[in-house]
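**Student:** After the structure tokens below, expect a handful of questions from me.
The values are calculated or read from the model by the stated rules, or taken from the named source; none is laboratory data. Keep in mind the model is a prediction, meaning the values are calculated, not measured. Here Cβ is always computed from backbone atoms with ideal geometry, including for glycine, and neighbour counts include all displayed protein chains. Just so you know, the surface numbers come from the protein's heavy atoms only, side chains and all, with ligands and any DNA or RNA stripped out. Shrake-Rupley method; radii C 1.70, N 1.55, O 1.52, S 1.80 Å.
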Amino acid sequence: MAVRNDRQDSMLSVSEVLELLDAVVAESDTPEPATTVGTALSADDAAALEGRIRNVRDSLARWRRRGQELSALFSSAHELAELRDTDTLLDRLVERAHDLLGTDVTYLSEFHEGRDELRVRSTSGTIDSSFRQLRVPPGMGLASKVVHTRVPQWTSTYQQNDDIPHEPGIDAAVAAEGLVSLLGVPLIAGDRVLGVLFAANRSGHTFTPDEVALLSAFANHAAVVLQTTSLLEQARFAADEADRARAVLADNVTAMERASAVHEDLTAVVLKGGSAEGVADTLSGALNRPVTILDRDWEPIADALAGARGLAAADGLSGRVRGAIAESRPSGRCVFVDSGAPEPEVVVAVVAGDVFLGAVLIGHGELELGAVEQRTIERTAQIAALVAVQQDAVAEAEDRVRGELVSDILRGDALQRPDLVRRARARDVRLDELRSVVVVGVPAEARRTVSVALRRAGSGALVGERDGVLTVLSPRPEPNDVAREVWATARRATEAPVLAVAGPPAPSAAALGESFEAARRCAQLLQSWQASEGAVDAQAYEPYLAVFGSRQRDLSRFIDSVIGPVLRWDEERGTDLFATLSAFAESHASPTRTARALHVHINTVTQRLERITGLLGEGWREPEPLFRISLATRMRTLIRRHATDGPADAR
């Protein structure tokens, strides 16, 4: 092959042409092609030829570099397709960009759109550890400028460039790393900016369009990685949420099936006329936890898997448990108790409207008490309220029936005797065996509680009301023993004062009415003296009943008419002539005995008696007036004693 020179018609040999081609494809960094071809050409032709060779060599170098860049990008794409760890892949992309661009430092900052800030996520070539935790505040630094403009930004002198919004923290990090020139390109996915990819040098450098294009290509790959990561995270989150939802749904289905079964069992308990024990057993079996049900008086009436007294401690409920029950009362919802075993974990009040009927206590257990379980417990409390109301209705009806039976028995109508025998036998009471009558005086609000407690005590007695008076008819022959037991039972059931009055023994059922009247009149007399506590024998007060009946007004008038001047004298002057008068009456009108009883000198007694004579008149020591004075002082003393100590126990 020969190359002809047009101007001099010079020819190149084959060896010269080969040498020329070798010079073109050589990868040497020599600025001028090393060839001897120029010796056969003129100076101008040789210069033109060498310029052409240089251009071809530059083009070949760019294509080789572009090939390397494409190879790196394709390799990144392959790794992206096999994405497993996002951080590792981002590190790989930053490292390859660092190697291909040949800059000192390359790093990637992720943009957090909600906070409008960027955080460094991956670096290559950095030496300062603080740079890896760099945070770019909103609107600051070259990175924010890239995000807001969405186009590449670069500078050859970062610290001296006033077009960049500087921030002390960023400037300090850049200075610590020694960076001077920076190039940043945006990571864009759709209409969102995901971050910025940076290439930086520790010396001044003007970035070429090829460098900007290459970094932008890597930024596009990084954007795909970040977007893919976001999508994968969303997919994983959605999958996890779906798994959790399926698990919750399965748990809810199981819990709802369990709750439905419990509801059916509780309904069956109510329909069969069951009690609180059946409700507690049903709920305990469903939750596999101890359950205790309290009545309106905070006393355990049923428990399951919880020991003798259930979840209520022997010394009563703690303040935490009582507070939780009080918190539950307005809503009827479950309230968790901040305590451990043996106290309950959850309580719920048993209410019917505004009426408090008790509480359901749930102990600790392995089954978690979720929303469905709590709703089951609350429904159980409603069932317990229904059972309590049902039992209250039955009890009220029974109280009414028993009250009518007690009234009819005490009335003693012979014509109704066969019917009374039948009605009494229906309540396990034998009419002919009733011998004792006890009248129970309690405040009206505690009467029903005491009545229920007396009926539960058993002993074959009949408990009911007649004319608003709670009465006990017992087959036992000793009324005083019955009165003491009735008083003890009633006091355990209520904190209100209890007065149990035993009537005279009844020789037959026909005499029960007379015994009741004696006990009732005695109770009224004692209550008129403000005596409302204890167990007493009505026969011990028959003399007073014979004189005064049971009316407080008549008794007060009698005392005032007989010894009123003495009482008023003491009240006005702070003296105690009444004590001397009472001791004189008790000492058979003997001043000497009176002095001994009062432990004073006889002259003192004589002076006091003279004062009493001035108040009551000259004839007060005569037998008939003195009898009335003795009776008045005794009654006054009894009234004062009952007002402070209560009546003595029945003997």
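**Student:** Would you mention how many residues in segment 157-203 are of a type outside the set (Val, Ile, Thr) and part of a strand (DSSP E or B)? Before the answer, list the steps.
**Tutor:** If we filter segment 157-203 for residues that are of a type outside the set (Val, Ile, Thr), which is where we start, we get 158-163, 165-169, 171-173, 175-179, 181-184, 186-187, 189-192, 194-195, 197-203.
If we keep only those that are part of a strand (DSSP E or B) too, we end up with 181-184, 186-187, 189, 192, 194-195, 197-201.
Final tally of qualifying residues: 15.
**Student:** Let me ask another. Suppose we filter segment 507-537 for residues that are open to solvent by 70 Å² or more (accessible area, probe 1.4 Å) and at pLDDT below 80; how many remain?
**Tutor:** Number of matching residues: 2.
Rundown of residues vs (1) closer than 30 Å to LEU249 by Cα; (2) part of a strand (DSSP E or B); (3) at pLDDT below 85; (4) open to solvent by 50 Å² or more (accessible area, probe 1.4 Å), yes/no style:
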{"position": "ALA384", "(1), (2), (3), (4)": "yes, no, yes, no"}
{"position": "VAL394", "(1), (2), (3), (4)": "no, no, yes, yes"}
{"position": "ASP408", "(1), (2), (3), (4)": "no, no, yes, no"}
{"position": "VAL421", "(1), (2), (3), (4)": "no, no, yes, no"}
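**Student:** Can you confirm whether ALA175 is under 18 Å from ARG119 (Cα atoms) and over 57 Å from the mean Cα position of the chain (by Cα)?
**Tutor:** no
**Student:** Somewhere in segment 205-220, is a residue at pLDDT 90 or above and of a type in the set (Gly, Ala, Ser)?
**Tutor:** No.
**Student:** Across segment 474-488, which residue is least open to solvent (accessible area, probe 1.4 Å) among those that are more than 17 Å from GLU517 (Cα to Cα) and not in a helix (DSSP H, G or I)?
**Tutor:** Only one residue fits best here, namely PRO475.
**Student:** Please specify each residue of segment 454-473 satisfying the condition of being without any contact (Cβ under 8 Å) to a residue 60 or more places away in the chain, open to solvent by less than 20 Å² (accessible area, probe 1.4 Å) and either part of a helix (DSSP H, G or I) or touching a Gly at 6+ places or on another chain (Cβ under 7 Å) (or both).
**Tutor:** If the condition is that a residue be without any contact (Cβ under 8 Å) to a residue 60 or more places away in the chain, open to solvent by less than 20 Å² (accessible area, probe 1.4 Å) and either part of a helix (DSSP H, G or I) or touching a Gly at 6+ places or on another chain (Cβ under 7 Å) (or both), then LEU454 is the only one that fits.
**Student:** Could you list all residues from segment 135-194 that are within 17 Å of PHE207 (Cα to Cα), open to solvent by 30 Å² or more (accessible area, probe 1.4 Å) and among the small types (Gly, Ala, Ser)?
**Tutor:** Across segment 135-194, the qualifying residue is only SER156.
**Student:** State yes or no: is SER339 open to solvent by less than 40 Å² (accessible area, probe 1.4 Å), part of a loop (DSSP other than H, G, I, E, B) and at pLDDT below 85? Give the steps one after another, and end with the answer.
**Tutor:** Details: open to solvent by less than 40 Å² (accessible area, probe 1.4 Å): yes; part of a loop (DSSP other than H, G, I, E, B): yes; at pLDDT below 85: yes.
Judged against the criteria, SER339 is a match.
**Student:** Just to be sure I understand, how many residues within segment 568-613 are open to solvent by 70 Å² or more (accessible area, probe 1.4 Å), on the phi < 0 side of the Ramachandran plot and not polar (S, T, N, Q)?
**Tutor:** 12
Yes/no per residue for (1) modelled with pLDDT of 80 or more; (2) in a helix (DSSP H, G or I); (3) touching a His at 6+ places or on another chain (Cβ under 9 Å):
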{"site": "GLU27", "(1), (2), (3)": "no, no, no"}
{"site": "GLU50", "(1), (2), (3)": "no, yes, no"}
{"site": "SER59", "(1), (2), (3)": "no, yes, no"}
{"site": "ARG62", "(1), (2), (3)": "no, yes, no"}
{"site": "THR103", "(1), (2), (3)": "yes, no, yes"}
{"site": "SER109", "(1), (2), (3)": "yes, no, no"}
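**Student:** Could I ask something else about it? Looking at (1) of a type in the set (Gly, Ala, Ser); (2) modelled with pLDDT of 80 or more; (3) under 27 Å from ALA371 (Cβ atoms), find the lone condition where ALA286 falls short.
**Tutor:** (2)
**Student:** Quick one: is ASP243 in a helix (DSSP H, G or I) and either within 22 Å of VAL146 (Cα to Cα) or among the aromatic types (Phe, Trp, Tyr) (or both)?
**Tutor:** no
**Student:** Condition check: modelled with pLDDT of 75 or more, under 21 Å from PRO475 (Cα atoms), open to solvent by less than 30 Å² (accessible area, probe 1.4 Å) and of a type in the set (Asp, Glu). Does ASP432 satisfy that?
**Tutor:** Spelling it out, it is not the case that ASP432 is modelled with pLDDT of 75 or more, under 21 Å from PRO475 (Cα atoms), open to solvent by less than 30 Å² (accessible area, probe 1.4 Å) and of a type in the set (Asp, Glu).
**Student:** Shifting gears a bit: I need the helices (runs of 4 or more DSSP H) fully contained in segment 538-611, keeping only those with at least 3 residues that are among the small types (Gly, Ala, Ser) and at pLDDT 90 or above.
**Tutor:** By residue number, no helices (runs of 4 or more DSSP H) qualify.
**Student:** Kindly indicate the residue of segment 131-156 that is under 19 Å from ASP87 (Cβ atoms) and assigned to a helix (DSSP H, G or I) and also modelled with the highest pLDDT among those meeting that condition.
**Tutor:** PHE131
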